[in-house]
Amino acid sequence: MKFRIIELFGGIGACTAALKRLGIDVEVVDYVEIDKYAVASYNAINGTNFEPQDIQKWDKDVKADLIMHGSPCQDFSIAGKQMGGDEGSGTRSSLMYETIRIVEKVRPRYVIWENVANVLSKTHKHNFDQYLSRMQMLGYHNYWQVLNAKDYGIPQNRQRVFVVSVKGFVFPEGKELALRLKDMLEDEVDEKYFLSQKGVNYVTNEKRLERNYTNLNADCSATLTAKGQSNWTGSFISDNPQSVIVDNRGGNIVKQTDIATTLLARDYKGFGNQQMNAVVEDINGKE
Ligand SMILES: C[S@@+](CC[C@H](N)C(=O)[O-])C[C@H]1O[C@@H](n2cnc3c(N)ncnc32)[C@H](O)[C@@H]1O
């Protein structure tokens, strides 16, 4: 699957080029750049057909894994007039807040921001901090560092701050249970694993069933533990519990429940003087 990116303030596409050089199979979902000459260069380099567009008007419904932006830095740069980048100030550097607006809409997994190191200076740091906190509020973890091109194989003394924002880990959503506890059991089970009459009586005891100490033919076993050697409390499966237990094991099935309690790893060992799990099989017709 391709790695979908949106390159904002794309220029000649240094970010796209870097990812491609890393061997990443990139799909540029959109490239946003206002300067028509930069766009023409980008198209020539990448064989694309993007049109110039103003980030302030960008409002598309697209999905992306990564948004990269090297937002205008003139107003933060020591080479500039130090106009700053406060939100709503109208400076070119304040366009970085457009990225935040777009991130909020697209919600990519990653965002990378690159800018001049002077954004960390006393004069501009509040905007840098504001960027971090806004990203954090959107659920991203930020990692940033000042890197120098000369330390990465490029003979140029060029310092830039990079902020990599990663959307917080989200646990996958639960899905409907397709397998049942019964599906996990073997079809052929050795006799030694069956409950004895004593066990069946214990397991099918009305009070224990009512209190869910024992469950019959539950869809789902409760937590398995390593110490269940002698615990008769738990989940029990029968192909036909009514006939199995009543006709062949002599117990009374009073109730079936949907959710099993804990299954224990050593239940197979048989009955002990404490409770344990076991499997009840329909042996109707057997001696
Ligand atoms: C610092 S450069 C980014 C360079 C880019 N990372 C590259 O690889 O060439 C900032 C870019 O933002 C573009 N830009 C400025 N205002 C813009 C706007 N309103 N909408 C889109 N792009 C804009 C500029 O034309 C410039 O190319």
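Quick note: the coordinates plus some simple rules give every number you see, no bench work behind them. In this text the structure is predicted, and so the values were computed from the model without any measurement. Don't worry about glycine lacking a Cβ; one is built from the backbone with ideal geometry, like all the others, and counts go over all protein chains shown.
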Express in nm, to one decimal, how much length is gained between Arg160 and Gln136 on full extension, taking 0.36 nm for each residue of separation and deducting their alpha carbon distance.
6.5 nm
At 25 °C and 0.890 mPa s, what whole-number value in µm²/s does Stokes-Einstein give for the translational diffusion of the range 3-167, with Rh from the Kirkwood sum over Cα pairs?
151 µm²/s
Per DSSP, the loop-located GluC sites (Glu not before Pro) within the range 118-221 having at most 10 other beta carbons within 10 Å are Glu173, Glu176, Glu186, Glu188
Write out the chymotrypsin sites (Phe, Trp or Tyr not before Pro) in the range 51-111 meeting two conditions: DSSP loop, and at most 11 other Cβ atoms within 10 Å of their Cβ.
none
Honestly the range 29-103 on the Cα gyration tensor test (a ≥ b ≥ c root eigenvalues; a/c under 1.5 rounded, otherwise a/b vs b/c for prolate or oblate) is just oblate
Compute the signed sum of charges (Lys and Arg +1, Asp and Glu -1) over the other residues within less than 15 Å, Cβ to Cβ, of Ser133.
-2
Env charge @ Arg107, Cβ radius under 10 Å, K,R +1 / D,E -1, value +3
Rounded to a whole number, what is D in µm²/s for the range 109-213 from Stokes-Einstein with the Kirkwood radius over alpha-carbon pairs (25 °C, 0.890 mPa s)?
122 µm²/s
Filter Lys60/Lys167; Lys60/Lys150; Lys36/Lys125; Lys57/Lys150; Lys81/Lys167; Lys122/Lys150 down to the pairs with a C-alpha to C-alpha distance above 30 Å, please.
Lys60/Lys150; Lys36/Lys125; Lys57/Lys150; Lys81/Lys167
